[in-house]
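*Asks:* The structure is given below, and queries will be raised subsequently.
The values are calculated or read from the model by the stated rules, or taken from the named source; none is laboratory data. What you see is a predicted model; the values in this text were computed from it and never measured. Here the Cβ positions follow ideal geometry from the backbone for every residue, glycine too, while neighbour counts run over all protein chains shown. Ligands, DNA and RNA are stripped out before the accessible areas are found, and what is left, the full protein with its side chains, is counted by its heavy atoms. Shrake-Rupley method; radii C 1.70, N 1.55, O 1.52, S 1.80 Å.
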Amino acid sequence: MLGTARTPKTDALTQHSRLVQGLLHGDAFDHPAFARELIETHISSLVLAGEFVYKLRKPLRLDFLDFSTPELRRVDCEEELRLNRRTAAAFYLNVVPVLGPIARPRIGSTDSLTPNSPPPLDWALRMRRFDNALLLDRLARKGALEPQHIDALARRLAAFHAALPPSPPEYGQPAGLFAWMRNNLDYLSAHPLAQQHGVRITALAAWTQREYERLAPLLAQRREQGWVRECHGDLHLGNIVLVGGEPLPFDCIEFNAELRHIDVMSEVAFTFMDLLRHGLPRLAWRFLSAYLEQCGDYAGMAVLTFFAVYRALVRAKVALIRAEQAQANASLAAFENALALAERLTAMPSAAPLLVLTSGVSGSGKSTVAQELVETVGAVRIRSDVERKRLFGLTATERAGAEIYA
């Protein structure tokens, strides 16, 4: 969600809106219109009908995506299907054509299309519907997001990252990453709705420049070490849902490979930042500590704040795009909150470094006390038994022989 927006053609968006309304209120589906719903994001329209969701791209052309033609939107649907089956295969079903006329659209099938068929009006990704009340952002707002959900998310994300190979060499160059950051800041600086915050955005841009210059060698080193991988790319709480008590990431970035082939710590920083954005610092630190305990990438802490500020500014941009499309005061408030969070993150950590050691016999409460410190002071927990097993190629839960404790 980066880059500088180009003004879309109003008539294309109007046609898209007519098509979506036709799906909502026409006879495209077997079940009645009153049972259908519409969810809009800044780049998509999702029609919820019965047990299925039909996701249509808005006909936009931005610096970070191009959905300006039906064919481009079809290709993007196919890519989204491929990528999201990595983490949520049960939800992602197939790509379907949306057939005309626009006043009475209907959902077709690719098998029914022939060279003589009229071209589809558009394309949609068909997904299985889930309970929106179980989205992690909604649970967070209700105070229903629990520590066990966070622990499960950390385990799932660490396993997902571990299964990914390092990205091809054309991805993850520090200069390319910084270009996206600069584009994002330029968008914020130039947007009419953000003009009153110009001094603050300039300060954040200066901080980003300084941190990039300081961290560029480390970012390059991490890329060489294989930490840049084809990740989810957009792992905020609204893109994670609980299914059977397990958090499943969905709706990854499919429209731009550069925004998906990233340092794994950039992905972790997004979720960490979003927990903070929802006012859940204890769970944010719990998530970070649990993820690091699974993968052992403690060196990644050195770039956490850099990525977290970037991710907060991404959410600020998304809020501005939504405010521009819908002229919603809630979106402007979300922009201001994200901007304020980015500022707070630049001051992290503000306290002097602190190391706390616990010792004691088995079962005396070392891990419990350490976990409480993690969430209270904002820290990460490193368990000697886990690290000893890691040295011998074992996971934290595998049983080990006495020889590793010599």
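*Asks:* Looking at (1) surrounded by fewer than 15 Cβ atoms within 10 Å (Cβ to Cβ); (2) in a helix (DSSP H, G or I); (3) in contact with a His (Cβ under 8 Å, 6 or more places away or on another chain), which one does Val199 not meet, given that it meets all the others?
*Replies:* That leaves (3) as the condition not met.
*Asks:* Examine the stretch 361-373 for a residue that is touching a helix residue (DSSP H, G or I) at 6+ places or on another chain (Cβ under 9 Å) and under 19 Å from His278 (Cα atoms), and state whether such a residue exists.
*Replies:* Checking the stretch 361-373: not a single residue is touching a helix residue (DSSP H, G or I) at 6+ places or on another chain (Cβ under 9 Å) and under 19 Å from His278 (Cα atoms).
*Asks:* Another question, then. With respect to Leu81, is the statement that it is at pLDDT 95 or above, over 21 Å from Glu258 (Cα atoms), in contact with a Leu (Cβ under 8 Å, 6 or more places away or on another chain) and crowded, with 17+ Cβ neighbours inside 10 Å true? Steps first, please.
*Replies:* Details: at pLDDT 95 or above: yes; over 21 Å from Glu258 (Cα atoms): no; in contact with a Leu (Cβ under 8 Å, 6 or more places away or on another chain): yes; crowded, with 17+ Cβ neighbours inside 10 Å: yes.
Answer is no for this residue.
*Asks:* Sticking with this structure for a sec: From the list Ala334, Ala338, Ala316, exactly one residue is among the aliphatic types (A, V, I, L, M) and in contact with a Lys or Arg (Cβ under 7 Å, 6 or more places away or on another chain). Which is it? Talk me through it step by step, then tell me what you get.
*Replies:* On the way: Ala334 fails: in contact with a Lys or Arg (Cβ under 7 Å, 6 or more places away or on another chain); Ala316 fails: in contact with a Lys or Arg (Cβ under 7 Å, 6 or more places away or on another chain).
On inspection, the qualifying residue turns out to be Ala338.
*Asks:* May I pose another question? I'd like the full set of residues that are more than 29 Å from the chain's Cα centre (by Cα) and over 17 Å from Leu355 (Cβ atoms), limited to the stretch 378-398.
*Replies:* Passing the criteria: Asp385, Arg388, Lys389, Leu391, Phe392, Gly393, Leu394, Glu398.
*Asks:* Kindly check whether there is at least one residue in the stretch 34-42 that is in contact with a Lys or Arg (Cβ under 7 Å, 6 or more places away or on another chain), in a helix (DSSP H, G or I) and closer than 30 Å to Met181 by Cα.
*Replies:* As a first pass, look at the stretch 34-42 and keep what is in contact with a Lys or Arg (Cβ under 7 Å, 6 or more places away or on another chain): 42.
Subsequent filtering for residues that are in a helix (DSSP H, G or I) retains none.
Within the stretch 34-42 (the criterion being in contact with a Lys or Arg (Cβ under 7 Å, 6 or more places away or on another chain), in a helix (DSSP H, G or I) and closer than 30 Å to Met181 by Cα), the answer is no, since none of the residues qualifies.
*Asks:* With the stretch 45-162 as the region, which helices (runs of 4 or more DSSP H) entirely inside it contain at least 3 residues that are out of contact with any His (no Cβ under 8 Å at 6 or more places or on another chain) and under 18 Å from Asp234 (Cα atoms)?
*Replies:* Result: 70-88, 147-162.
*Asks:* Got a number for residues in the stretch 243-264 being among the acidic types (Asp, Glu) and in a loop (DSSP other than H, G, I, E, B)? Working first, answer last.
*Replies:* In the first step, residues of the stretch 243-264 are kept if they are among the acidic types (Asp, Glu); the result is 246, 251, 254, 258, 263.
Now restrict to residues that are in a loop (DSSP other than H, G, I, E, B): 251, 254.
Count: 2.
*Asks:* Name the residue, out of Ile39, Ile43, that is open to solvent by less than 20 Å² (accessible area, probe 1.4 Å) and either in contact (Cβ under 8 Å) with a residue 24 or more places away in the chain or in contact with a strand residue (DSSP E or B) (Cβ under 7 Å, 6 or more places away or on another chain) (or both).
*Replies:* Ile43
*Asks:* Being in contact with a Gly (Cβ under 8 Å, 6 or more places away or on another chain), at pLDDT below 95 and either closer than 19 Å to Val318 by Cβ or buried (at least 17 other Cβ atoms within 10 Å of the Cβ) (or both) narrows it down to one residue among Ala33, Ala28, Ala5; which is it? Talk me through it step by step, then tell me what you get.
*Replies:* Numbers: Ala33 fails: either closer than 19 Å to Val318 by Cβ or buried (at least 17 other Cβ atoms within 10 Å of the Cβ) (or both); Ala5 fails: in contact with a Gly (Cβ under 8 Å, 6 or more places away or on another chain).
Sole residue among the options that is in contact with a Gly (Cβ under 8 Å, 6 or more places away or on another chain), at pLDDT below 95 and either closer than 19 Å to Val318 by Cβ or buried (at least 17 other Cβ atoms within 10 Å of the Cβ) (or both): Ala28.
*Asks:* Right, next: When the stretch 97-111 is examined, which residues are found to be more than 15 Å from Leu19 (Cα to Cα) and touching a residue at least 12 places away in the same chain (Cβ under 8 Å)? Can you show your working first?
*Replies:* First pass over the stretch 97-111, keeping only residues more than 15 Å from Leu19 (Cα to Cα): 109-111.
Passing the criteria: Ser109, Thr110.
*Asks:* If you check Ser359, Ser350, Ser331, which single one turns out to be of a type outside the set (Val, Ile, Thr), at pLDDT 90 or above and surrounded by fewer than 21 Cβ atoms within 10 Å (Cβ to Cβ)?
*Replies:* Values: Ser350 fails: at pLDDT 90 or above; Ser331 fails: at pLDDT 90 or above.
Sole residue among the options that is of a type outside the set (Val, Ile, Thr), at pLDDT 90 or above and surrounded by fewer than 21 Cβ atoms within 10 Å (Cβ to Cβ): Ser359.
*Asks:* Of all residues being of a type in the set (Gly, Ala, Ser) and crowded, with 24+ Cβ neighbours inside 10 Å in the stretch 291-318, which is nearest to Gln221 (Cα to Cα)? Just the residue, please. Give the derivation first.
*Replies:* Filtering the stretch 291-318 for residues of a type in the set (Gly, Ala, Ser) gives 296, 299-300, 302, 308, 312, 316.
Then keep just the ones that are crowded, with 24+ Cβ neighbours inside 10 Å; that gives 308, 312, 316.
Numbers: Ala308: 19, Ala312: 24, Ala316: 29 Å.
In this case the residue turns out to be Ala308.
*Asks:* Could you give me the residue pairs with C-beta distances under 8 Å whose first residue belongs to the stretch 354-382 and is touching a residue at least 40 places away in the same chain (Cβ under 8 Å), whose second residue is open to solvent by 50 Å² or more (accessible area, probe 1.4 Å) and not in a helix (DSSP H, G or I) wherever it lies, and which are 6+ apart or on separate chains?
*Replies:* Qualifying pairs under 8 Å: Gly378/Pro349; Ala379/Leu354; Ala379/Val356.
Okay, residues lined up against (1) open to solvent by 10 Å² or more (accessible area, probe 1.4 Å); (2) in contact (Cβ under 8 Å) with a residue 60 or more places away in the chain; (3) under 19 Å from Leu304 (Cβ atoms):
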{"residue": "Glu224", "(1), (2), (3)": "yes, no, no"}
{"residue": "Trp227", "(1), (2), (3)": "yes, yes, yes"}
{"residue": "His232", "(1), (2), (3)": "no, yes, yes"}
{"residue": "Leu237", "(1), (2), (3)": "no, yes, yes"}
{"residue": "Leu248", "(1), (2), (3)": "yes, yes, no"}
{"residue": "Ala257", "(1), (2), (3)": "yes, yes, no"}
{"residue": "Met265", "(1), (2), (3)": "no, no, yes"}
{"residue": "Val268", "(1), (2), (3)": "no, yes, yes"}
{"residue": "Arg277", "(1), (2), (3)": "yes, yes, yes"}
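*Asks:* Looking only at the stretch 381-401, which residues are assigned to a loop (DSSP other than H, G, I, E, B) and open to solvent by less than 90 Å² (accessible area, probe 1.4 Å)?
*Replies:* So the first thing to find is which residues in the stretch 381-401 are assigned to a loop (DSSP other than H, G, I, E, B), and the list is 381-383, 392-401.
The answer is Arg381, Arg383, Gly393, Leu394, Thr395, Ala396, Glu398, Ala400, Gly401.
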